[in-house]
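Peer 1: My structure is below; once you've seen it, I'll send some questions.
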Amino acid sequence: MSVAFSDTARAEFERLLTRYPDREAVILPVLHLAQREFGFVSDEAIVYVAGLLGVSPAKINGVATFYTMYNRKPVGKYHVQICRNISCSLLGAEHLIGHVAGKLGVKPGGTTPDGKFTLSQVECLGSCGTAPVMQVNDDYYENLTEASIDAILDKLA
Amino acid sequence: METVLTTHFADDGYRRIDAYRGFGGYDALRKALSMTPEGIIDEVKKANLRGRGGAGFPAGVKWGFLPKDLSRPRVLVVNADEGEPGTFKDRVIMARGPHLLIEGIAIAAFALRVHLSYIYIRGEFVREARILAEAVAEAYEAGFLGKNILGSGFDLDLTVHRGAGAYICGEETSLINSLEGKRGWPRLKPPFPAAVGAFGLPTIVNNVETLADVPWIITHGGEKFASLGVEKNGGTRLIGVSGAVNRPGVYELPAGTNLKEIIYTHAGGVKDGKALKAVIPGGSSTPVLRPDEIDVAYDIESMAKIGTMAGSGGVIVIPEGTCMVRALSVLMNFYAHESCGQCTPCREGTGWLKMIVGRIEAGKGRAGDVELILDVCDNMMGRTICPLADAAAMPAQSFIWKFREEFDRHIGEQKCPYGNRF
């Protein structure tokens, strides 16, 4: 099944092209755009982006798989990403990951059966002064406790 | 205490151009445009402004590496790929004072005769990227970016470019490859970016904080900036204190402030009244310190003298009761995850470190494992294209040198004495 950008995304793509001296420099921003449009970076999305830029799908796939933020598989409506690096761990991140896993009934990497939540452990999110931290889709949630995570997830559920 | 960057950060409106200009914002750009490019570079040299991204290279000297030949366009790339664990200061600048950075970029670009600039911001910082993009639009609107800036005839285009999740892209040649739409593999040097960088053009890559310091330097003069810090290390630094402290956060302090004072006076001391066990002083890659070593000036030279680094200004405080093997295991998982895989010593070495430290923590350590870790480190350091291998080996070595008995105890007892948890 082939995919295509909406008119808005198409316009954004055209605008991006004007910002760089080289067409291929838009690959990262266009993959972000593709993920926003299609929910994840599917094989079809890879082929589509390659077509837009006139490069091989292999090249686009090579780039897409290098970076952690491009989801090559579908994720839940809310992608709950909890930092497990040092500053967060010192303040209980491991415990929080266990807590969320229990609450959602999925292991890290898993998605709830209703497709609502995917739980991931991620490396440093660059917000160590407000650890423990998680990112849900685009948004950071900081100074987390079990209670605050429960409140956040309950609101999204 | 004199502050360069954070003076108005408590004011939420400061991120907007009107408030910023109300405090004299963009006056430094106006002044710079009346100076010669060489005059600006001289001020930055006099300021003893050292790169704030981690390596601490003198910014004015770096700027001097661009070729004299002006026939090819040049590029200024801002490294906003803040990813060194324990570091979270550039995010504060971008969220609270984006115009400081934009003004610094415009001044630096004029000094470097650059007309094309990018802010490469880590992909996770969606909110900060949005704030920056809005600020860039405001600056275009007000005539501080774009064509014929303030009637000077100087043109500059600036674009916010988001990364997509890769620690390695904080390394400047990897960042350049990523900006070009490639996998973030570091490049062999030479050629250095100043000769052949982004899009094959001469390129300077500077950290966010480094450039955000530039307007103040132009307004107040390089000597005044230099006088805020210590010899060879001018100005203030944004120091992020995290981990087990009472008041974690970003503190703007003169370069050379005592590390103990940073932790106990500014960050309020160790959380829950605990004793201090260890400090990782300048981001996760920097060699760890014991409590008896932290009475030291937090500047590049003083930290080098005791065998570690002020790095990216990220102080991570580890309290008593923490298993150092587990702490190292967290770091080794990170470096194994983030190795780009290009160089064998790093790709294999980080994997081995993760595995060996992991099995020691799991109670399955073998006699000789500690020596094996040190041997793997020897085979990584200085043997790769970029410093990621060193960044992984330095904590491994220093944790062992300074907390050896914990590793031996894990292996001897075949279990984690701390019960496999933090």
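Every number in this text was worked out from the coordinates using simple rules, so none of it is lab data. Please read these numbers as outputs of a predicted model, since none were measured by experiment. Here the Cβ positions follow ideal geometry from the backbone for every residue, glycine too, while neighbour counts run over all protein chains shown.
Peer 1: On the given criteria, is B:ARG52 touching an Asp or Glu at 6+ places or on another chain (Cβ under 7 Å), assigned to a loop (DSSP other than H, G, I, E, B) and of a type in the set (Lys, Arg)? Walk me through it before giving the result.
Peer 2: Values: touching an Asp or Glu at 6+ places or on another chain (Cβ under 7 Å): yes; assigned to a loop (DSSP other than H, G, I, E, B): yes; of a type in the set (Lys, Arg): yes.
It is true that B:ARG52 is touching an Asp or Glu at 6+ places or on another chain (Cβ under 7 Å), assigned to a loop (DSSP other than H, G, I, E, B) and of a type in the set (Lys, Arg).
Peer 1: Taking the criterion of being in contact with a Lys or Arg (Cβ under 6 Å, 6 or more places away or on another chain) and either within 14 Å of another protein chain (Cβ to nearest Cβ) or charged (D, E, K, R) (or both), would at least one residue in region B:148-155 satisfy it?
Peer 2: yes
Peer 1: Here is a further query. May I ask you to say which residue of B:VAL160, B:VAL114 is more than 12 Å from chain A (Cβ to nearest Cβ), of a type in the set (A, V, I, L, M) and not in a helix (DSSP H, G or I)? First the steps, then the outcome.
Peer 2: Values: B:VAL160 fails: more than 12 Å from chain A (Cβ to nearest Cβ).
Residue meeting the stated conditions: B:VAL114.
Peer 1: A follow-up question, please. From the list B:ARG421, B:ARG409, B:ARG383, which residue is under 21 Å from B:TRP185 (Cα atoms) and among the basic types (Lys, Arg)? Steps first, answer last, please.
Peer 2: Details: B:ARG421 fails: under 21 Å from B:TRP185 (Cα atoms); B:ARG409 fails: under 21 Å from B:TRP185 (Cα atoms).
Step by step, each of B:ARG421, B:ARG409, B:ARG383 is checked, and only B:ARG383 is under 21 Å from B:TRP185 (Cα atoms) and among the basic types (Lys, Arg).
Peer 1: If I filter region A:132-142 down to residues being within 13 Å of the chain's Cα centre (by Cα) and farther than 20 Å from A:GLY102 by Cα, which single residue comes out as nearest to the other protein chains (Cβ to nearest Cβ)?
Peer 2: Filtering region A:132-142 for residues within 13 Å of the chain's Cα centre (by Cα) gives A:134-140.
Pick out the ones that are also farther than 20 Å from A:GLY102 by Cα and you get A:137-140.
Working: A:ASN137: 9, A:ASP138: 4, A:ASP139: 7, A:TYR140: 7 Å.
Filtering region A:132-142 for residues that are within 13 Å of the chain's Cα centre (by Cα) and farther than 20 Å from A:GLY102 by Cα, the one nearest to the other protein chains (Cβ to nearest Cβ) comes out as A:ASP138.
Peer 1: Oh, and also: Going through region B:5-43 one residue at a time, which ones are acidic (Asp, Glu) and buried (at least 17 other Cβ atoms within 10 Å of the Cβ)? Explain how you work it out, then say what you get.
Peer 2: Kept after step one, since they are acidic (Asp, Glu), are these residues of region B:5-43: B:11-12, B:18, B:27, B:38, B:42-43.
Hit for region B:5-43 is B:GLU43, nothing else.
Peer 1: Same structure again: Is it the case that some residue within region B:277-284 is in contact (Cβ under 8 Å) with a residue 40 or more places away in the chain, within 14 Å of chain A (Cβ to nearest Cβ) and of a type in the set (Lys, Arg)?
Peer 2: Start the filter on region B:277-284 by keeping residues that are in contact (Cβ under 8 Å) with a residue 40 or more places away in the chain, which leaves B:277-278, B:280, B:282-284.
Still in the list and also within 14 Å of chain A (Cβ to nearest Cβ): B:277-278, B:280, B:282-284.
Then drop every residue that is not of a type in the set (Lys, Arg), which leaves B:277.
Yes - at least one qualifying residue is present in region B:277-284.
Peer 1: Which condition does B:THR3 not pass, out of (1) closer than 27 Å to B:TYR251 by Cα; (2) in a helix (DSSP H, G or I), if it passes all the others?
Peer 2: Single failed check for B:THR3: (2).
Peer 1: Could you check region A:52-78 and list, in sequence order, the residues that are assigned to a loop (DSSP other than H, G, I, E, B), of a type in the set (Val, Ile, Thr) and at the interface with another protein chain (Cβ under 7 Å from one of its Cβ atoms)?
Peer 2: Step one: list which residues in region A:52-78 are assigned to a loop (DSSP other than H, G, I, E, B), which gives A:54-56, A:65-77.
Adding the requirement that they be of a type in the set (Val, Ile, Thr) leaves A:55, A:65, A:68, A:75.
Answer for region A:52-78, where residues must be assigned to a loop (DSSP other than H, G, I, E, B), of a type in the set (Val, Ile, Thr) and at the interface with another protein chain (Cβ under 7 Å from one of its Cβ atoms): just A:THR68.
Peer 1: Just to check your reading of the model, which residue among B:VAL376, B:VAL357 is under 29 Å from the mean Cα position of the chain (by Cα), touching a residue at least 12 places away in the same chain (Cβ under 8 Å) and over 26 Å from B:LYS189 (Cβ atoms)?
Peer 2: Numbers: B:VAL376 fails: over 26 Å from B:LYS189 (Cβ atoms).
Only one candidate qualifies: B:VAL357.
Peer 1: What number goes with the only condition from (1) closer than 19 Å to A:ASP139 by Cβ; (2) surrounded by 23 or more Cβ atoms within 10 Å (Cβ to Cβ); (3) out of contact with any helix residue (DSSP H, G or I) (no Cβ under 6 Å at 6 or more places or on another chain) that B:ALA109 does not pass?
Peer 2: B:ALA109 satisfies every listed condition except (1).
Peer 1: Would you check if there is a residue in region B:126-134 being surrounded by fewer than 23 Cβ atoms within 10 Å (Cβ to Cβ), in contact with a Lys or Arg (Cβ under 7 Å, 6 or more places away or on another chain) and under 22 Å from B:GLY13 (Cβ atoms)? Before you say what the answer is, go through the steps one by one.
Peer 2: If we filter region B:126-134 for residues that are surrounded by fewer than 23 Cβ atoms within 10 Å (Cβ to Cβ), which is where we start, we get B:126-127, B:129-131, B:133-134.
With the extra rule that they be in contact with a Lys or Arg (Cβ under 7 Å, 6 or more places away or on another chain), the set shrinks to B:129, B:131.
Adding the requirement that they be under 22 Å from B:GLY13 (Cβ atoms) leaves B:129, B:131.
Checked region B:126-134: at least one residue is surrounded by fewer than 23 Cβ atoms within 10 Å (Cβ to Cβ), in contact with a Lys or Arg (Cβ under 7 Å, 6 or more places away or on another chain) and under 22 Å from B:GLY13 (Cβ atoms).
Peer 1: If a residue has to be aromatic (Phe, Trp, Tyr), more than 10 Å from chain A (Cβ to nearest Cβ) and closer than 27 Å to B:ILE93 by Cβ to count, how many in region B:304-357 make the cut? Spell out how you get there, then give the answer.
Peer 2: Of region B:304-357, the ones aromatic (Phe, Trp, Tyr) are B:334-335, B:352.
Restricting the remaining residues to those that are more than 10 Å from chain A (Cβ to nearest Cβ) gives B:352.
Retained after the next criterion (residues that are closer than 27 Å to B:ILE93 by Cβ): none.
Number satisfying all stated conditions: 0.
Peer 1: Moving on to the next point. Taking the residues in region B:167-195 that are hydroxyl-bearing (Ser, Thr, Tyr) and in contact with a strand residue (DSSP E or B) (Cβ under 9 Å, 6 or more places away or on another chain) as candidates, determine which candidate is nearest to the other protein chains (Cβ to nearest Cβ). It would help to see each step written out before you state the result.
Peer 2: Filtering region B:167-195 for residues hydroxyl-bearing (Ser, Thr, Tyr) gives B:167, B:173-174, B:178.
From what's left, in contact with a strand residue (DSSP E or B) (Cβ under 9 Å, 6 or more places away or on another chain): B:173, B:178.
Values: B:THR173: 15, B:SER178: 7 Å.
Going through the qualifying residues, I end up with B:SER178.
Peer 1: Taking the stated definitions as given, is B:GLU361 among the acidic types (Asp, Glu) and away from chain A (no Cβ under 14 Å)?
Peer 2: On the way: among the acidic types (Asp, Glu): yes; away from chain A (no Cβ under 14 Å): no.
For B:GLU361, the condition - among the acidic types (Asp, Glu) and away from chain A (no Cβ under 14 Å) - is not met.
Peer 1: Residue by residue through region B:135-147, note down the ones that are crowded, with 20+ Cβ neighbours inside 10 Å, within 13 Å of chain A (Cβ to nearest Cβ) and assigned to a helix (DSSP H, G or I).
Peer 2: Matches in region B:135-147: B:VAL136 only.
Peer 1: May I ask you to list the residues in region A:79-131 that are in a loop (DSSP other than H, G, I, E, B), within 11 Å of chain B (Cβ to nearest Cβ) and charged (D, E, K, R)? Let's see the steps before the verdict.
Peer 2: Restricting attention to region A:79-131, the residues satisfying the condition of being in a loop (DSSP other than H, G, I, E, B) are A:84-85, A:91-92, A:105-110, A:112-116, A:123-127, A:131.
Now restrict to residues that are within 11 Å of chain B (Cβ to nearest Cβ): A:84-85, A:91-92, A:123-127, A:131.
Hits for region A:79-131 are A:ARG84, A:GLU123.
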